[in-house]
Amino acid sequence: MAVLHTPDGRYIVVRGRLWRAANPHLPEAERQRLVHELMTARRAVKTARGHHDADAEAQAHATVDRVKHALGERGAPWWDDGAPDLNRHMARNTPYAAWYAAHVDGPAESAKAP
């Protein structure tokens, strides 16, 4: 299943919830490097949990957080037009509600986001 992105590209939708997308202005090579680092850190979290190593898990979580900030998925929004950050909001409770309903329930009268 393809990832559903909001029309403005700021969010992906997972189980009805908006999650901030990576900054599309990152150079592709940098984005790929960061994604690789993120996946490595996530695997390190899993390994540390499996070994009950709280220190290693904390370090891995810190790396995940640092990389997500670098990708633009956490921290200050990467856009600068003053639009609010709706990260983690349910799509149906945001200005994207009509657009989301059109993608989940079929065509709607208004499918445009702000």
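The values are calculated or read from the model by the stated rules, or taken from the named source; none is laboratory data. Predicted, not measured: the structure shown is a model, and the values here were computed from it. Quick reminder, even Gly has a Cβ in these numbers, built from the backbone with ideal geometry, and neighbours come from all protein chains shown.
The table that follows gives values for the structure above.
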| item | result |
| --- | --- |
| Residues being in a helix (DSSP H, G or I) and either without any contact (Cβ under 8 Å) to a residue 12 or more places away in the chain or among the acidic types (Asp, Glu) (or both) - total across segment 16-39 | 8 |
| Segment 47-60 residues that are free of Cβ contacts under 8 Å to residues at least 12 places away in the same chain, paired with ones that are of a type in the set (D, E, K, R) (beta carbon under 8 Å, 6 or more apart) | Arg49/Glu57 |
| Residue check for Ala98: assigned to a helix (DSSP H, G or I), assigned by TED's automatic domain parsing to the domain that holds Arg15 and either farther than 19 Å from His25 by Cβ or at pLDDT below 95 (or both) | yes |
| Verdict on Val35 being buried (at least 16 other Cβ atoms within 10 Å of the Cβ) and within 14 Å of the chain's Cα centre (by Cα) | no |
| Candidates Glu73, Glu57 - the one that is at pLDDT 95 or above, under 15 Å from the mean Cα position of the chain (by Cα) and not hydroxyl-bearing (Ser, Thr, Tyr) | Glu73 |
| Verdict on Asp81 being within 15 Å of the chain's Cα centre (by Cα) and assigned to a loop (DSSP other than H, G, I, E, B) | no |
| Single residue of Ala91, Ala62 found to be crowded, with 17+ Cβ neighbours inside 10 Å and over 18 Å from Asn23 (Cβ atoms) | Ala91 |
| Residue count, segment 16-46 (criterion: of a type in the set (D, E, K, R) and in contact with a His (Cβ under 9 Å, 6 or more places away or on another chain)) | 1 |
| Residue in segment 95-110 that is of a type in the set (Asp, Glu) and within 23 Å of Pro7 (Cα to Cα) present | yes |
| Filter pass, Arg42 being in a helix (DSSP H, G or I), free of Cβ contacts under 8 Å to residues at least 24 places away in the same chain and either of a type in the set (Lys, Arg) or in the same structural domain as Leu4 (by TED's automatic domain parsing) (or both) | yes |
